[in-house]
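Here is the structure we will look at.
The values are calculated or read from the model by the stated rules, or taken from the named source; none is laboratory data. Note that the coordinates shown come from a computational prediction; the quantities given were computed from them, not determined experimentally. Neighbour counts are summed over all protein chains in view; Cβ atoms, including those assigned to glycine, are modelled from backbone coordinates with ideal geometry.
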Amino acid sequence: MTMTDAPSTVDAPWPVALLSTKIKGWIDRLGSVWVEGEITQWGASGGNVYGKLKDLEADVTVGFTVWSSVRAKLPDDLKQGDHVIALVKPNYWLKGGTLTMQVFEMRHVGLGDLLERLERLRRLLASEGLFDPDRKRRLPFLPHCIGLITGKDSDAEKDVLRNAQLRWPAVAFRVVHTAVQGDRACGEVTSALKLLDADPEVDVIIVARGGGDFQNLLVFSDETLVRTAAACLTPVVSAIGHEADRPLLDEVADLRASTPTDAAKRVVPDVAEELNRVQQARARIGNRMTGLIGSEIDRLEQLRSRPVLASATWVVDSRAEELGRYVARSAELVGRLIERSQASVTELRSQLRALSPQRTLDRGYAIAQLPGGGILRSEKDAVVGTPLLLTLADGAAHATVAPAPTAAPKAG
C-alpha cells in the first residue's frame, strides 16, 4: 500500500500537499460543465478577467477567471449584470488552496433579472422626481454635528472621522454603526437614517462604505432605504465609494461623494483655508480703508489750499467795495423814500385841515346847537326863545332865538 492510499490517522496524518493533491484530483474529475447565472463582478487586469457569477435564485456566488487567450473569443459587450451561460471547469490552485472556475466559453442569455429590477426601480423613482436637482437641499457651511452611518471599525469610518477632524478639529459626530452588506443592512441603515433625521442636533447625515462589488452595493438600491433617504429633512450625503456602480442612494442623496474621504472634505470646511480667507478679506478691507482715508486726506488738502479757505477775510475783502456801494445806495434810496413820504404826509395834512370844521370856524362861521345837541340847520327849527349853544373858532357862547326884526318901510 502506497502512502497516497493509506488512510489518514492521528498517528499518520496526510501532508498538506497530499490533501491538496487529492482535492485537485477529485475536482479535476468533475470536468467541464455549463452553468447559468448573473455576472455580479467583472474586472479586467493584465488582459485577464476576474469576476463572480451569482445564481439566479439562491444567494450563491462563485468566482471565475477568463484568461486572455479565451477573452479574445468572448463577446465584447459582456459586463456586470448580464445574464449568461458559461462553460467552466473547476480549477483548484494547489499553492494557494483556492478554487476558481476557469471559463472556456460565455454567452449572453439576456439582461440579468437583478439588474432589470434595478432599472425598473430607477425609472420609477426618476418619474416621481426623486432624482431632480431642484429637490436637493444645500449642505450647511459649518455643521456643528454630523451624523455618520457606517460599519463598525471600518476604514470608511476612520477616513471620515480623521479627515473631518483634520479640517475642523471642533466638529462633532454622532456615529451609528450598522451592517453595510447582507440581509440586515437594509433595515439597519434605514433605521439609522430615521434616527439621525429626528435628532435636532444633527445638521447633515453621511452614509459611508468603502466600496465593494455590485452585489454588495445592492443594499443601497433598496426601495425602502432610498425612499427613506429622500424623505429626510436633514441633508444626506452618499459616500459609498464606488465609481463604476452607482447605487440609487447616490441619485436621491443631496450630495454624492466619490469616497468617504471626499465626503469629509466636502461636508466640513478646512479651518486653515477659512482662516486664510479671513486674513485675505481683512487685508483687502485694510487696503480699501487706507486708500479711502488717503483719498479723503488729499481732498481736504486741496480744499484747504483754495483761496476761500486759505484766508478767512478773503470773501469779506473781495466784497467790501461792492458792499459799500450797496450800503450807500441803500441810504440814498431810504432818504428819497422818506422825503417822498414827508411830502405826501404834508399834502394829506393840508387836505385834511382844509376839510376840517375848525377851518370853517376860523373864517367867521359858528355852529348853532339846539338844547338836545342837534345842529340848527333850518330856520323853521329856530323857535323864538329857544336857547342855543354857539361854537365859535376860539370858544363857545350862549344865545336865544329872538324875533326877526321888522323890515323898515321904503321911502316914498
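Could you please find all residues in segment 158-193 being within 23 Å of Phe141 (Cα to Cα) and either polar (S, T, N, Q) or part of a helix (DSSP H, G or I) (or both)?
Scanning segment 158-193 gives Lys158, Asp159, Val160, Leu161, Arg162, Asn163, Ala164, Gln165, Leu166, Arg167, Leu193.
Being touching a strand residue (DSSP E or B) at 6+ places or on another chain (Cβ under 6 Å) and buried (at least 17 other Cβ atoms within 10 Å of the Cβ) is the filter; apply it to segment 190-202 and report the residue that is farthest from Arg266 (Cα to Cα). Walk me through how you get there before you give the answer.
Here is the first cut: in segment 190-202, the ones touching a strand residue (DSSP E or B) at 6+ places or on another chain (Cβ under 6 Å) are 192, 196, 201-202.
Among the residues that remain, those that are also buried (at least 17 other Cβ atoms within 10 Å of the Cβ) are: 192, 196, 202.
On the way: Ala192: 22, Leu196: 19, Val202: 16 Å.
Per the stated criteria, the residue is Ala192.
Are there helices (runs of 4 or more DSSP H) fully within segment 251-331 with at least 1 residues that are over 30 Å from Leu225 (Cβ atoms)? List them. Reasoning before the result, please.
Details: elements: 260-267, 271-304, 307-310.
Fully inside segment 251-331 and qualifying: 271-304, 307-310.
Quick check on my filter: what residues within segment 15-27 are surrounded by 12 or more Cβ atoms within 10 Å (Cβ to Cβ) and touching a residue at least 60 places away in the same chain (Cβ under 8 Å)? Spell out how you get there, then give the answer.
First, pick out the residues of segment 15-27 that are surrounded by 12 or more Cβ atoms within 10 Å (Cβ to Cβ): 18-24, 27.
Listed by number, the residues that qualify are Ser20, Thr21, Ile23, Lys24, Ile27.
Within segment 36-58, identify whether any single residue is over 30 Å from Val16 (Cβ atoms), touching a residue at least 12 places away in the same chain (Cβ under 8 Å), of a type in the set (Ser, Thr, Tyr) and part of a strand (DSSP E or B), and answer yes or no.
Checking segment 36-58: at least one residue is over 30 Å from Val16 (Cβ atoms), touching a residue at least 12 places away in the same chain (Cβ under 8 Å), of a type in the set (Ser, Thr, Tyr) and part of a strand (DSSP E or B).
Criterion first (polar (S, T, N, Q), modelled with pLDDT under 80, more than 30 Å from Leu142 (Cβ to Cβ) and in contact with a helix residue (DSSP H, G or I) (Cβ under 9 Å, 6 or more places away or on another chain)) does Ser311 satisfy it?
Numbers: polar (S, T, N, Q): yes; modelled with pLDDT under 80: yes; more than 30 Å from Leu142 (Cβ to Cβ): yes; in contact with a helix residue (DSSP H, G or I) (Cβ under 9 Å, 6 or more places away or on another chain): yes.
Against the criterion (polar (S, T, N, Q), modelled with pLDDT under 80, more than 30 Å from Leu142 (Cβ to Cβ) and in contact with a helix residue (DSSP H, G or I) (Cβ under 9 Å, 6 or more places away or on another chain)), Ser311 qualifies.
Among what's in segment 110-157 and is assigned to a loop (DSSP other than H, G, I, E, B) and among the small types (Gly, Ala, Ser), pick the residue that is modelled with the lowest pLDDT.
As a first pass, look at segment 110-157 and keep what is assigned to a loop (DSSP other than H, G, I, E, B): 112, 128-132, 136-144, 151-154.
Subset that is among the small types (Gly, Ala, Ser): 112, 129, 151, 154.
On the way: Gly112: 58, Gly129: 93, Gly151: 91, Ser154: 88.
Restricting to residues being assigned to a loop (DSSP other than H, G, I, E, B) and among the small types (Gly, Ala, Ser), the top hit is Gly112.
If you take the residues of segment 90-99 that are outside any loop (DSSP other than H, G, I, E, B) and out of contact with any Lys or Arg (no Cβ under 9 Å at 6 or more places or on another chain), which of them is nearest to Gly31 (Cα to Cα)? Even if it seems obvious, please write down each step before you answer.
At the first step, the residues of segment 90-99 found to be outside any loop (DSSP other than H, G, I, E, B) are 90-93, 98-99.
Checking the rest, the ones that are also out of contact with any Lys or Arg (no Cβ under 9 Å at 6 or more places or on another chain) come to 90, 98-99.
On the way: Pro90: 7, Thr98: 17, Leu99: 14 Å.
Once the filter is applied, the top-ranked residue is Pro90.
In the set Leu78, Leu87, which member is in a loop (DSSP other than H, G, I, E, B), farther than 30 Å from Pro15 by Cα and hydrophobic (A, V, I, L, M, F, W, C)? Give the derivation first.
Working: Leu87 fails: in a loop (DSSP other than H, G, I, E, B).
Only one candidate passes the filter, namely Leu78.
Starting from segment 123-146, take each residue that is within 25 Å of Arg167 (Cα to Cα) and list its partners that are β-branched (Val, Ile, Thr), counting only C-beta distances under 6 angstrom and pairs at least six apart or across chains.
Sorted first by the residue in segment 123-146, then by its partner, the pairs are Leu139/Val204; Pro143/Val204; Cys145/Val202; Ile146/Val204.
Out of Pro90, Pro75, I need the residue that is modelled with pLDDT under 85 and either within 15 Å of Phe104 (Cα to Cα) or assigned by TED's automatic domain parsing to the domain that holds Gly182 (or both). Which one? Don't jump to the end; show me each part of the working.
Values: Pro90 fails: modelled with pLDDT under 85.
Only one candidate passes the filter, namely Pro75.
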